[in-house]
Structures are given as structure tokens and as C-alpha cells.
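The values are calculated or read from the model by the stated rules, or taken from the named source; none is laboratory data. Source: prediction; values computed, not measured. Cβ sites come from the backbone with ideal geometry, for glycine too, and all protein chains shown count toward neighbours. Protein only, heavy atoms only, side chains kept; ligands, DNA and RNA dropped before computing areas. Shrake-Rupley method; radii C 1.70, N 1.55, O 1.52, S 1.80 Å.
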Amino acid sequence: AMRGLATTGAALDIVGDGVERAAMEALAASLGLGTRVRWHGHLPQERLPALYARAGVVVLPSREEGLGLVAVEAMLAGTPVVGYRSGGLPDVLGGDAGILVEPGDVAGLSRAIDRVLTDHPFADTIARRGREVAHDRYSLETMGAAIRGLYDDGAIAWAARGGRPGEDQERTTLQ
């Protein structure tokens, strides 16, 4: 997607490591992108917010993304997100909280990245909407309230079955 960008001077920060890193570095070099790609390897969690804040866009071209925690973190940081319509990303970015591209559509990915990097009012809008969505769905406060609700529901169900505070309950197993 980097080779297809119309935006000149765009650089790519890659965070993380894996068995394919050497091959990816060689590919970047063979495509003439070596000087535009910074390889950070694994970084501790506390270093990520600064990278999100510095980024013009976070790109997740993953074909098998679970929840999309990186997308949530970027959205909470107010950074626009572009990703493939796969795994959990449509749930995280759905609507107007980011840009989704069909998996494998490299040209579409390049166009989406270019739009975010060049259309600043648009980028500001999806960054703001992404932050709102991420906060509404995934902030510590929201997740804490959801977990508290699960415990409350369990306590209500336990009491409805005749449980009383301080009494030992016979353990049951679900079958």
C-alpha cells in the first residue's frame, strides 16, 4: 500500500515482531521503501500512546483481526484508523468511526490512507467519531460498568434461586 500512496513523504512505523520480520524488512528494501519504514519491534504498552499521537493514521491490513485492540487504542488516542473489513474490525470501526477496505484491496487501502493524510477535515471527523465510539464502548468506565452489570445479574439470579447472603450454596455445574 505504501508504494501506491499519492502522498509523498509518508513514513511507516511498524510495531511488533515475528518470524516474518526479516522477510518483511527485505521486501521493504526491495520495493525501495527501506528509508520510509521504521521497525520498532516489540514495545512496552506505555510507549504506544506517543506513537499513536504522532501518527497521521493507524493502518490495520489484517485478514484475521480479533477484537482489534490496536484500533481501539488508536481511536482512544484520537488517531484515525484504516483497516480491512475482517474479524472484529467492522464491529470496532463500523459506521463512521474509521475506514474499512475489503481484504486484499491494496489500491483501496492506499486510497483510504491518502484520504486521511490529505483531507484534514475528514481525518478530524473520523478521529473525533472514533474517539467517541471507543470511549462509549471500550473505556475503563464502560467496561467496568458492563462487568458490574454481569455480577449484578448473577447475584439477582442467585437470589432468585433461593440464595441468601452468608449461606453456603451447593456448587452446580453447567451441562
* 1 or more residues open to solvent by 40 Å² or more (accessible area, probe 1.4 Å): qualifying strands (runs of 3 or more DSSP E) within region 1-107 -> 12-15, 37-41, 58-60
* To do: Test residue 149 against the criterion of being out of contact with any Asp or Glu (no Cβ under 9 Å at 6 or more places or on another chain) and assigned to a loop (DSSP other than H, G, I, E, B), and give yes or no.
  => no
* Residue list for region 108-132, filter: open to solvent by less than 30 Å² (accessible area, probe 1.4 Å), under 19 Å from residue 4 (Cα atoms) and among the β-branched types (Val, Ile, Thr) -> 113, 116
